[in-house]
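The values are calculated or read from the model by the stated rules, or taken from the named source; none is laboratory data. Model, not experiment: these values are computed from the prediction. Cβ coordinates were reconstructed from backbone atoms using ideal geometry, including for glycine residues, and neighbour counts include every protein chain displayed. Heavy atoms of the whole protein, side chains included, go into the accessibility calculation; ligands, DNA and RNA do not. Shrake-Rupley method; radii C 1.70, N 1.55, O 1.52, S 1.80 Å.
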Amino acid sequence: MSLWAERFSEETDELVKDFTSSIDVDRKLYPHDIIGSIAHVKMLSKVGIIEEKEAQKIILALEEIKKDLDKGKLDFTGKEDIHMAIEEEVIRRAGEAGKKLHTARSRNDQIALDERLFLREEISEILHLISNFQRVILEFAEKNRQVILPGYTHLQYAQPVFFSHHLLAYFWMLQRDKLRLKDCYVRVNVLPLGVGALAGTSLPIDRAYVARLLNFPLITKNSMDTVSDRDYIIEFLCCVALLMMHLSRLSEDLILWSSPAFSFVEISDAFTTGSSLMPQKKNPDVAELTRAKTARVYGDLFSLLTTMKALPLSYNRDLQEDKSSLFEAVKIIKRCLKLYPRMIGKIKLNHENMRKQAQQGFFAATDLADYLVEKGVPFREAHGMVGKLVKHCLKENKCFEDLALKDYQKISSLFEADVFQRIKLEESVFNKESTGGTGKKSLARQIKLAREKLEEGENPIAS
Ligand code: ARG
């Protein structure tokens with residue numbers, strides 16, 4: 001019999017029971033639901049709404065239910081949701097006292113509390129996972145400081161850069177991801193419990209006391225907003241969607257770099273798979289699946305955004321569907337964040353191939369233009385002169401190194417013997433010393449800065 005059976009004259013249709021049930025999804029919220037219920041009961045007894053003895057009975061039942069659930073001893077199959085399942089069990093174990101648990105509370109504020117408690121934990125864990133990944137990126141970048149690879153724009157050879165510089169680009173993307181998540185945490189960390197179904201309650205509850213017990217620095221201000229707000233989940237999903245986008249871009253780099261056309265890296269056997277038909281194959285499946293799972297997380301974000309669009313105030317059952325999106329996104333991001341540091345840490349770099357390809361495509365063209373700028377030529381003119389030089393080389397099937405000084409001087413008399421120094425690969429990379437550039441000292445500064453950022457830690461409350 002359901003908790004509302006007294007008001008109904010007909011049994012709920014079996015298919016409706018199944019259709020409206022969320023227990024298979026929200027079962028995992030039981031630790032949060034129980035912690036929230038314990039705080040609620042303590043408050044009810046503190047303000048005198050229930051007797052202390054009754055509170056003790058309920059709390060004992062809740063603690064035992066938690067232990068049984070931890071051991072997998074309680075079967076909630078067929079229940080409507082985790083809140084009702086636990087309440088029914090409390091009533092079964094604590095008798096009359098148990099019937100007082102749900103005083104001055106609704107499942108509408110209860111689920112918001114469970115989700116906020118869940119998200120606080122998950123955000124903290126995700127922040128740690130990101131930092132761990134950043135640490136691996138940083139160590140890898142430090143270890144491979146000398147390696148040069150072609151930098152691309154439009155996937156065409158552009159200018160050579162340090163491999164570490166390219167890799168560290170992801171460090172800073174992840175740094176922004178952490179800042180966004182910490183900021184999101186501030187809005188998650190607000191107590192929703194105590195607003196009832198939508199209107200508040202006439203009973204003398206003490207929300208501030210519950211907030212203290214559960215470590216919430218703030219309490220929501222409007223009961224109707226509280227039960228119908230899912231901004232904090234949407235914000236979280238936005239943060240995770242961006243984070244996945246970064247992993248997906250890194251995945252794409254790895255897929256390209258490990259393809260024979262590039263042959264820059266070799267992903268270790270442990271992080272690749274073979275083909276059922278072609279014996280020679282070794283495929284970057286982790287990177288490919290990360291790309292695809294990014295799409296799923298975008299789907300989770302859009303699913304909830306669309307659910308919320310034009311939803312009238314206040315609570316609507318539509319909101320129950322938020323958990324599938326939230327849980328899937330959390331699961332995906334944690335799996336990817338656990339895999340990536342392991343995979344990146346074991347990547348082998350093919351220095352020679354990177355170097356060979358970095359030397360292609362007139363990599364020093366911009367350096368030559370800058371050389372002329374240093375001698376007083378306006379950049380636009382210098383650009384044109386080097387363009388001519390490139391055209392000449394293409395016609396003669398030569399590269400800059402093949403030209404004699406007199407070939408350069410045909411274009412501009414400002415070219416001198418030191419031009420040959422400027423078209424060396426190392427020179428081109430080492431010299432980009434502007435702040436944030438790939439240059440040698442600039443890279444060292446970047447690595448130092450990244451290390452300092454990592455040492456700041458990721459405690460969301462401290463930020
Ligand atoms: N399982 C529900 C959810 O996740 C709990 C709230 C149900 N509230 C209601 N008025 N039916 O949203």
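Key figures for this structure:
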{"quantity": "Residue list for the range 207-224, restricted to those being open to solvent by 20 Å² or more (accessible area, probe 1.4 Å), more than 16 Å from the ligand (Cβ to nearest atom) and not in a loop (DSSP other than H, G, I, E, B)", "calculated": "207, 208, 209, 212, 213, 218, 219"}
{"quantity": "Residues within the range 241-280 that are within 26 Å of residue 150 (Cα to Cα), open to solvent by less than 70 Å² (accessible area, probe 1.4 Å) and outside any helix (DSSP H, G or I), tallied", "calculated": "8"}
{"quantity": "Enumeration of residues in the range 119-151 that are aromatic (Phe, Trp, Tyr) and open to solvent by 10 Å² or more (accessible area, probe 1.4 Å)", "calculated": "140"}
{"quantity": "Residue satisfying all of: in the range 177-206; within 16 Å of the ligand (Cβ to nearest atom) and open to solvent by less than 20 Å² (accessible area, probe 1.4 Å); nearest to the chain's Cα centre (by Cα) among these", "calculated": "192"}
{"quantity": "Residue, farthest from the chain's Cα centre (by Cα), within the range 286-342, restricted to residues that are among the small types (Gly, Ala, Ser) and more than 13 Å from the ligand (Cβ to nearest atom)", "calculated": "310"}
{"quantity": "Within the range 152-170, tally of residues that are surrounded by fewer than 20 Cβ atoms within 10 Å (Cβ to Cβ) and of a type in the set (Phe, Trp, Tyr)", "calculated": "2"}
{"quantity": "Complete set of residues in the range 185-199 that are over 18 Å from residue 212 (Cβ atoms) and part of a loop (DSSP other than H, G, I, E, B)", "calculated": "196, 197, 198, 199"}
{"quantity": "Residue among 334, 398, 338 that alone is assigned to a helix (DSSP H, G or I), basic (Lys, Arg) and loosely packed, with under 14 Cβ neighbours inside 10 Å", "calculated": "338"}
{"quantity": "Residues that are aromatic (Phe, Trp, Tyr) and open to solvent by 100 Å² or more (accessible area, probe 1.4 Å), drawn from the range 1-34", "calculated": "8, 19"}
{"quantity": "Complete set of residues in the range 112-157 that are touching a residue at least 12 places away in the same chain (Cβ under 8 Å), in a strand (DSSP E or B) and not polar (S, T, N, Q)", "calculated": "148, 149, 150, 151, 157"}
{"quantity": "Condition met for residue 141 (away from the ligand (no atom under 16 Å from the Cβ) and touching a strand residue (DSSP E or B) at 6+ places or on another chain (Cβ under 8 Å))", "calculated": "no"}
{"quantity": "Close pairs (7 angstrom Cβ cut-off, 6 or more residues apart or separate chains): aromatic (Phe, Trp, Tyr) in the range 325-353, open to solvent by less than 20 Å² (accessible area, probe 1.4 Å) and assigned to a helix (DSSP H, G or I) anywhere", "calculated": "340/133; 340/247"}
{"quantity": "Condition broken by residue 155, with the remaining ones in (1) at pLDDT below 95; (2) within 16 Å of the ligand (Cβ to nearest atom) satisfied", "calculated": "(2)"}
{"quantity": "Matching helices (runs of 4 or more DSSP H) fully within the range 1-93 where at least 3 residues are over 32 Å from the mean Cα position of the chain (by Cα)", "calculated": "14-20, 30-46, 52-70"}
{"quantity": "Residue within the range 421-428 that is among the aliphatic types (A, V, I, L, M), open to solvent by less than 70 Å² (accessible area, probe 1.4 Å) and in a helix (DSSP H, G or I) present", "calculated": "yes"}
{"quantity": "Hits in the range 96-112 (condition: away from the ligand (no atom under 16 Å from the Cβ) and open to solvent by less than 30 Å² (accessible area, probe 1.4 Å))", "calculated": "97, 98"}
{"quantity": "Test result for residue 423, touching a Lys or Arg at 6+ places or on another chain (Cβ under 7 Å), in contact (Cβ under 8 Å) with a residue 24 or more places away in the chain, more than 17 Å from residue 137 (Cβ to Cβ) and not basic (Lys, Arg)", "calculated": "no"}
{"quantity": "Residues of the range 225-240 satisfying the condition of being surrounded by 17 or more Cβ atoms within 10 Å (Cβ to Cβ), over 25 Å from the mean Cα position of the chain (by Cα) and not hydroxyl-bearing (Ser, Thr, Tyr)", "calculated": "227"}
